[in-house]
Amino acid sequence: MDDELRDRIREAAETNALLNAVKHDSEAQVGAIMGPLMGENPEFREHGDEIPGVIAPVVERVNGMNAEERRERLAELAPDKLEELESEDEGEDHSLPDLPNADDYDTVRMRVAPNPNGPWHIGHARMAAVVGTYKQRYDGEFICRFDDTDPETKRPDLDAYDAILDAIDYLGFEPDDVVNASDRVETYYEYARELIDKGGAYTCSCPQGEFSDLKNSGEACPHRDKDAETTRSEFEAMVDGEYDSGEMVLRVRTDITHKNPALRDFVAFRMVDTPHPRETAAEYRCWPMLDFQSGLDDHLLGVTHIIRGIDLQDSAKRQQFVYDYFGWEYPEVIHWGHVQVDAYDVPLSTSSIAELIADGELAGWDDPRAPTVASLERRGIRGEAVVDAMIELGTSTSNVDLAMSSIYSNNRDLIDDESDRAFFVRDSDDHGGLVERQIVGGPEAGEPPLHPDFEDRGRREIPVTSGVVVEGDDLPGHGERIWLKGYGCVRHTRDAFEYTGDDIDAVREEGVDVIHWAPADGPQLRLRTMDGDVSGVAEPGLLGYDADDVVQFERIGFARLDDVADGSDTESVAYFAHP
């Protein structure tokens, strides 16, 4: 590790230690700041074993300050982070802080800029939820810009464009503009030519490794001093497709001795041999890098505020060089940490999910086991529930954990009153399998309410004349009683259920268990869950519902009906939402 890198680590560590100490009003800890330090500075990661020893004296120095000194020093190093902390301390009545300097703009205009290399996983929904909410708060505008200028490494999926727009609609928002970056290549060329004329870019044919060595040592490559005319000529050859992939790039001329090597003369355009999957863009071979394309579009499309990951801080710094050449003012920026989601075995990664689908381990993007927006929708979870949970995460620079239980709780509040109740008896080893018994004596049907809180909705009629099925784990011992919900009390005797009456005191005073049940000849149902599919028998009234209706299977949870069979001899399908 060289001295320059040590200095950079110490500088970043001081900011993070101050932030940690001020936020918690206590001494900073080396372990507590390692995560943010590595997340914000990926280039530090290869030195992870050495870093604790480098930053320990810095943390000790911060811990030697009093509270006022820490706050003053943080104000010097990172005033934006101190402002964020103070905003949190004020106890605002909403989880999202006010946008910085929003009053300085006639219209707040923000963007969601997805790479359409696949439909959205749950983490992607956070940006649309927050940007859409800010649009509503400020009566602003919301752009969906597909940053699809990488036809090779993050190759666009043609189906993903509509899938992402569907996801935004599901969340309850509608973009004011939808833009495909791949439709704007000629615009990027125009500004590249102007940048060349301003002396802000040069063509470079150095092998990547060779340039990297020069860059890391702060040395200019031999092409850096090319005149604009030569650079312009070679760039036009790039545009005309006269170079192969890796043969020539256009670099933005920055500061070759900048203390952060990642900002030194970065690539703006490169050659890509793989044609773009969109026919309208398939002819192009000279493609802009994301930092150039996105930075340019943010200005040209009038974006006033950008939200991006804390790991993309270098992007803003690179783009600032381009803005300086053109004399533009950079948008306001909010950096936030990554969102992590619990409850799934599948990684929160578009490429990983796509691979599992290709291998047949997932049935599709809406498989209930997939951590995707499409899966949530198919399970019957409302977009509003997702948005509310995302908003509660705020915009902290720290990584945040999204508990699926918070989405489930929000959704339960939205659907509980309107969801009819129904019985479904699961035929699985986990629940003891199906057990069939005849009813001896008693009424010919049970009549549980459609909803226990709304008697005026009426009751369901569930016949017992063909016998009933219960889950094996609910079957009482011989001579013991159970309460068949909506029917009455029965005693398990002679491999049958003998009706003993409908006096609820058996439950209230004698502790008889209440269970769900279904008629033995009830319709077959397959319930798709995050743990796999489970088949079983439902009550006959389920066939009267439509696909997309949501019911609560008593003692199991809420489910969205996906395919309602025409008769009892075929299988219906439902997707489990949550308990």
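Here are some notes:
- Relative packing of peptides 524-532, 355-363 - highest average C-beta neighbours within 10 Å first: 524-532, 355-363
- When the GluC sites (Glu not before Pro) in the range 264-347 are filtered for DSSP coil states and for at most 14 other beta-carbon atoms within 10 Å of their beta-carbon, the remaining sites are Glu283, Glu329.
- Per-residue ³J(HN,Hα) for the range 474-484, Karplus 6.51 cos²θ - 1.76 cosθ + 1.60, θ = phi - 60°, Hz, x for Gly and Pro: 8, 5, x, x, 4, x, 8, 10, 9, 9, 7
- Centroid-to-centroid separation of the range 234-282 and the range 169-186 [C-alpha atoms, Å]: 25
- On the basis of the beta-carbon distance and an R0 of 35 Å, Thr257 and Ala343 show a calculated FRET efficiency of 0.15.
- Both radii were evaluated on the Cα set of the range 261-363; the Rg over Rh quotient, with Rh as the Kirkwood radius, amounts to 1.06.
- Couplings for the range 129-142, taken from phi via the Karplus curve 6.51 cos²θ - 1.76 cosθ + 1.60 with θ = phi - 60°, read 4, 6, 5, x, 5, 5, 4, 5, 5, 9, 6, x, 10, 9 Hz in order; Gly and Pro are left as x.
- Contact order, relative form, for the chain: 10 percent (alpha carbon pairs under 8 Å, 6 or more residues apart, mean separation divided by residue count).
- Extension gain from Asp183 to Arg224, taking 0.36 nm per residue of separation minus the Cα-Cα distance: 11.7 nm
- Fully extending the segment from Glu152 to Ser26 would add 40.5 nm, taking 0.36 nm per residue of separation and subtracting the current Cα-Cα distance.
- Amide H contacts of Phe269: Leu250, Met289, each under 5 Å away and 5 or more positions distant or on a separate chain (H built 1.01 Å from N in the peptide plane; Pro and chain starts excluded).
- Computed from backbone phi with θ = phi - 60° and the Karplus coefficients 6.51, -1.76 and 1.60, the 3J(HN,Hα) list for the range 109-124 is 10, 10, 9, 9, 10, x, 8, x, 8, x, x, 6, 8, 4, x, 5 Hz; x is used for glycine and proline.
- A Förster radius of 22 Å combined with the Cβ-Cβ distance from Asn399 to Asn117 puts the calculated FRET efficiency at roughly 0.45.
- Once the Cα-Cα distance is subtracted from the 0.36 nm per residue extended length, the Leu77 to Asp169 segment shows a gain of 29.1 nm.
- Estimated 222 nm signal from helices in the chain, with DSSP H stretches of n ≥ 4 weighted -39500 (n - 2.57), rounded to 500: -10500 deg cm²/dmol
- At R0 = 25 Å, FRET efficiency that the Cβ-Cβ distance of Asp197 and Glu242 yields, to 0.05: 0.75
- Put simply, the amide H of Glu539, placed in the peptide plane, has neighbours under 5 Å in Phe423, leaving out anything fewer than 5 places away on its chain.
The numbers here are math on the coordinates, done by the rules we state, and not lab data. Keep in mind the model is a prediction, meaning the values are calculated, not measured. Because the Cβ atoms are built from the backbone with ideal geometry, glycine has one as well, and the counts that use them run over all protein chains shown.
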